[in-house]
1. Can you tell me the 0 to 90 degree angle between the C-alpha axis of helix 113-125 and the longest principal axis of the chain, rounded to 10?
2. List the residues, sorted by chain then number, that are 5 or more residues from ALA104 or on another chain and whose placed amide H is less than 5 Å from its amide H.
3. For a label point 7 angstrom out from the Cα of ASP358 toward its Cβ, which stretches of region 58-79 have the backbone nitrogen within less than 15 Å?
4. Can you put THR388, THR473, THR197, THR298 in order of Cβ neighbours within 10 angstrom, beginning with the fewest?
5. With a ≥ b ≥ c the root eigenvalues of the C-alpha gyration tensor of region 3-271, is it rounded (a/c under 1.5), prolate (a/b larger than b/c) or oblate?
6. Using Cα centres only, tell me the gap between region 259-327 and region 175-202 in whole Å.
7. How far apart, in nm, are two points set 7 Å out from the Cα along the Cα-to-Cβ line at PHE20 and at THR38?
8. So for the pair LEU480, GLU251, with labels modelled 7 Å out along Cα→Cβ, what separation do we get in nm?
Amino acid sequence: MTRIALAGISHETNTYCAGFTAKADFYAYRGAKMLGTTGQESDVGGAVDACQRLGCEAVPILFASTQPSGTIERAAYEDFKQEILDGLATAGPLDGCVLLLHGAGVVDGIADLEGDLAAAVRDLLGNVPITASFDLHGNLTQHMADQLNGVFVCHHYPHIDMHQRAAEAVQAVHDMVNSGRRGRCVLLRLPMLLPTTTTYEGVGEEMLERLLWHEVEGGGIDLSWCHGFPYTDVEHVGSFVIASFYEEHGETAIAHAQAFADELWQARERFRVHSLDADEAVAAAQAEQSYPVVIHETSDNCGGGTPGDGTHLLRGMLEAGLGSDACFAFLVDPATAAQAHDAGVGADIDIVLGGKTDHLHGKPLHARAYVKALHDGRVVMQHLFKGTPLNLGPMARLVIDDMDVVVASRRSQTFDQEPFLAVGIDVMKYKYVALKSSNHFRAGFQHLAGAIVTADTPGLTTHKIEVFPRQNTARRLWPLHDNAQFPEP
Ligand SMILES: [Zn+2]
């Protein structure tokens, strides 16, 4: 039976976050726990299921991941990397390996986590097929691509196909084991810093269609487009096109990758976003006639490394007097959640809500709140990453000036209705539904929203890419520099 090792360290590193990410911040799946992800629409779950479907033995090594956050401590990374190498070395004969990666991992002193890890795995395993799946928001390097026989980046944002792309990475290894052939990867880097862009509509959707057309015409194993992660200060930041192919298709596959990269570059101005601040977003929502209007605070998205306790949008909604027409789930504030749990349902409490992590995301909000409902915060995702458990920690539904405001204890963005439902909120009964997320929420809300309004308040995942200082690259990058060129000089 073909034995395929599964391993990975997956982290989206926002280098503008204060503080480092420690080993204890990660959750780690090993052995039976890794195999237990079967049926979950995640990268690990997809890889495990694909092995089973193909009649291969999935050999679980280690999968370590955590919420997007600051630069990873060196010792944390070295420990996980060594555990993976030791696990691979002692796993018995392996026919291939699939790495489950993000692409935007940055370690203290190592700007390219994935390149470093893939090179170490390649050194250890030699010429067996090694492929990898990636998040859409990686910042990739040719050094990393040189280690791999196939690169499979998730196509959609929301990332509804992580499990399918991981399955394709497994399929490719399976094919290469059986045929004896080996794929090769070529990466094209565009000097573009894209604001977070959904593939559900607009230019993101159009370019994805073009990508898939070029993939078929190119005749390779795969053609991927990594949007890139602009909230990271590394030399190789950008947007990326990656072709994976067998040598006989190399010329055509690379030509189509190049043609697609040119189309992306030509379309760059269409990725510009006109930002609305909190007051403008609330006014735009009030101008809509079709309900519920979903207002998403894109700039305080824990899924990009922010604290999740920003008060800008909530303050704007309260000042506009939206009252019982509106609900908001959620702000991350463990102290306020604990205070509500201590007081109990039915209590009136004086709270200091949010704005506790830094000064960027808004001041704390002083308010009198009624404790309407409490919950342990354990939900199961129902749209994106369907079937995957999510622990938001103790949650409380508070009523502030007649508005339902949900508070959670652990950092996460709002992916679907589950955090609302947990505390008894049916979003369809409200005119205005507010949440913190950039685009993943679309998987759970697009079908029910009368309209969607984007609030871009001051925050670490703002669309205003130009506010972030770039100390680690001197390259000319769109939209920071009007004279950026592709190919780069
Ligand atoms: Zn992503």
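Read-outs throughout are calculated quantities, based only on the coordinates presented, and are distinct from any laboratory measurement. In this text the structure is predicted, and so the values were computed from the model without any measurement. Methodologically, a virtual Cβ is constructed for each residue, glycine included, from the backbone with ideal geometry; neighbour enumeration extends over all protein chains shown.
1. 30
2. Long-range HN contacts for ALA104: HIS11, THR13, ASN139.
3. Within reach of a label on ASP358: 68-72.
4. Numbers: THR388 19, THR473 15, THR197 22, THR298 28.
Fewest to most other Cβ atoms nearby, the residues stand as THR473, THR388, THR197, THR298.
5. oblate
6. 29
7. That separation, rounded to one decimal, is 4.0 nm.
8. Those two pseudo-labels are separated by 3.9 nm.
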